[in-house]
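Note sheet for the following structure.
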Amino acid sequence: MGVIRHVVCAMSGGVDSSVAALLLRKRGYSVTGVFMKNWDSLDERGVCTTEKDCEDAYRVCQFLDIPFHQVSYVKEYWHEVFSNLLAEYEKGRTPNPDILCNKHIKFNHFHKYALSTLGADAMATGHYARTSQEDEEVFQQSHRAPPTTLFRDRFEIRNLKLYHSSKGADLLKDQTFFLSQISQDALRQTMFPLSGLTKEFVKKIATEAGFHHILKKKESMGICFIGERNFEKFLLEYLEPKPGNFVSIEDGTVMGTHKGWFTLTLGQRARIGGQRNAWFVVDKDVSTGNVFVAPTTNHPALFRDTMRTDRFHWIAVDPPPDLARTQMMECYFRFIHQMPLTPCTVTLNMDGSVWISLSQPLRALTPGQFAVLYRGGECLGSGKIIQLGPSAYTLQQGREQGTHPVPAS
């Protein structure tokens, strides 16, 4: 990538992207703010939050005296993210729309729009992330013709680093988890102006800049670009109810009924009418509609230590050399943003998928979620969990049955 002059900043109308645009402007770059519209309906209060967010983004761009554009990816979001989300729920899985949205919309369609349509040298986002090639170094690069050899120069690969602030670890805001499926091409042409900053410091910058209208907004915690919803009610607007039974994992007793397995995810408390005690979802059988429940939040049926992913997405394009050479590698794992990293052993399969064996069983490993791997302070990439190993409860049952004497025939 040559010397960066024109940067297109993705603007959401929130604090992070607004401060990202401000910092780029202060560094002397030609900045264009762009707001993405990816959803086209009202929320449960009958309010179109997209319009308010767009207006907030526009006001920031006016304040910074930079051009503002709006682009719609409603159709692309529906076909590439939301339809996928519904299909996954119908399979009994629990997808992660934020990771899918970054992969398909922000770091694909928007990335191409910024560079091709608006002629930018790079795009920028308000993610708390950093790369092996800091932005200032990228600016100083002179243009080089692409290599003509068959082999990539390993030094040209841009790695996604585990985020930390300049004042020490700030892992609670690390957002590499959500970027674990983006392409190397997009990463090489993306800047993260908030790299090295804490959330509190970003809010301080926003306060000093006078962005009071966005500081009052609460941080979005809902589905990517759709917002906060009554989840069960929202899903049932798009999927036919498929009633089934809640079944005890311990003795097969039918405990109650549900409206559809897709409204439930592993580990959550099951709302079962007439039950005084709390029961928790531990497994689902899509073929019968049965949702298996257990009587305690830390029941052994909720704990597993092995899983298989689909074809793994490596941010550096190829798997790490030692994994490619030996088919095994030690690293760290998480499947939920902000959860502690867990040591694991990864086995590479012939089809590009991986088996992951954890150093200790974790609660509620969930098919459809992404297994994100880290090593040496770097996010290596991710793969969708499509198969789980046996639970601690299943193994315990197997051991107990194995110790029973065989009756005489």
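Between residues in segment 99-128 that are touching a residue at least 40 places away in the same chain (Cβ under 8 Å) and open to solvent by 20 Å² or more (accessible area, probe 1.4 Å) and residues that are of a type in the set (Gly, Ala, Ser) and outside any helix (DSSP H, G or I), which pairs lie under 7 Å by C-beta distance while being six or more apart or on different chains?
Note: pairs meeting the criteria are LYS106/ALA10; ASP121/GLY2.
Can you name the residue in segment 55-98 that is over 19 Å from the mean Cα position of the chain (by Cα) and in contact (Cβ under 8 Å) with a residue 60 or more places away in the chain and is also farthest from LEU388 (Cα to Cα) among such residues?
By that ranking, first place goes to PHE63.
Within segment 262-339, considering only strands (runs of 3 or more DSSP E) that don't extend past its boundaries, which have at least 1 residues that are in contact with a Cys (Cβ under 7 Å, 6 or more places away or on another chain)? First the steps, then the outcome.
Details: elements: 279-285, 290-294, 303-309, 328-334.
In segment 262-339, the matching strands (runs of 3 or more DSSP E) lie at 328-334.
Can you name the residue in segment 342-384 that is out of contact with any Phe, Trp or Tyr (no Cβ under 9 Å at 6 or more places or on another chain) and in a loop (DSSP other than H, G, I, E, B) and is also modelled with the lowest pLDDT among such residues?
Going through the qualifying residues, I end up with GLY377.
Any residue in segment 396-404 that is β-branched (Val, Ile, Thr), closer than 26 Å to THR265 by Cβ and outside the structural domain of PHE280 (by the TED database)?
no
If you scan segment 361-402, which residues turn out to be small (Gly, Ala, Ser), at negative phi and open to solvent by 30 Å² or more (accessible area, probe 1.4 Å)?
Hits for segment 361-402 are ALA392, GLY398, GLY402.
Check segment 156-169 and report whether any residue there is assigned by the TED database to the domain that holds PHE192, at pLDDT 90 or above and open to solvent by less than 20 Å² (accessible area, probe 1.4 Å).
Taking every residue of segment 156-169 in turn, none turns out to be assigned by the TED database to the domain that holds PHE192, at pLDDT 90 or above and open to solvent by less than 20 Å² (accessible area, probe 1.4 Å).
Mind listing whichever residues of segment 240-299 are among the charged types (D, E, K, R), within 18 Å of ARG363 (Cα to Cα) and over 28 Å from the mean Cα position of the chain (by Cα)? Please lay out each step first, then the result.
Our first condition is that a residue be among the charged types (D, E, K, R); within segment 240-299, this holds for 240, 242, 250-251, 259, 269, 271, 276, 283-285.
Checking which are within 18 Å of ARG363 (Cα to Cα) leaves us with 250, 269, 283-284.
GLU250 - this is the single residue of segment 240-299 that is among the charged types (D, E, K, R), within 18 Å of ARG363 (Cα to Cα) and over 28 Å from the mean Cα position of the chain (by Cα).
For every residue, the table says whether it meets (1) at pLDDT 60 or above; (2) outside any loop (DSSP other than H, G, I, E, B); (3) under 18 Å from the mean Cα position of the chain (by Cα).
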position: TYR128; (1), (2), (3): yes, no, yes
position: GLU136; (1), (2), (3): no, yes, no
position: HIS143; (1), (2), (3): no, no, no
position: THR148; (1), (2), (3): no, no, no
position: LEU187; (1), (2), (3): yes, yes, yes
position: LEU194; (1), (2), (3): yes, no, no
position: VAL202; (1), (2), (3): yes, yes, no
position: THR207; (1), (2), (3): yes, yes, no
position: HIS213; (1), (2), (3): yes, yes, no
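Just to check your reading of the model, which residue among PRO67, PRO95 is more than 19 Å from HIS127 (Cβ to Cβ) and open to solvent by less than 40 Å² (accessible area, probe 1.4 Å)?
So the residue among PRO67, PRO95 that is more than 19 Å from HIS127 (Cβ to Cβ) and open to solvent by less than 40 Å² (accessible area, probe 1.4 Å) is PRO95.
Say whether the condition of being loosely packed, with under 13 Cβ neighbours inside 10 Å, in contact (Cβ under 8 Å) with a residue 40 or more places away in the chain and within 14 Å of the chain's Cα centre (by Cα) is met by at least one residue in segment 329-352.
For segment 329-352, residues loosely packed, with under 13 Cβ neighbours inside 10 Å, in contact (Cβ under 8 Å) with a residue 40 or more places away in the chain and within 14 Å of the chain's Cα centre (by Cα): present.
The values are calculated or read from the model by the stated rules, or taken from the named source; none is laboratory data. Predicted model only: the values in this text are computed from it and were never measured. No Cβ is skipped: glycine too gets one built from the backbone with ideal geometry, and neighbour counts run over all protein chains shown. What goes into the accessible areas is simple: the full protein's heavy atoms, side chains included, and nothing from ligands, DNA or RNA. Shrake-Rupley method; radii C 1.70, N 1.55, O 1.52, S 1.80 Å.
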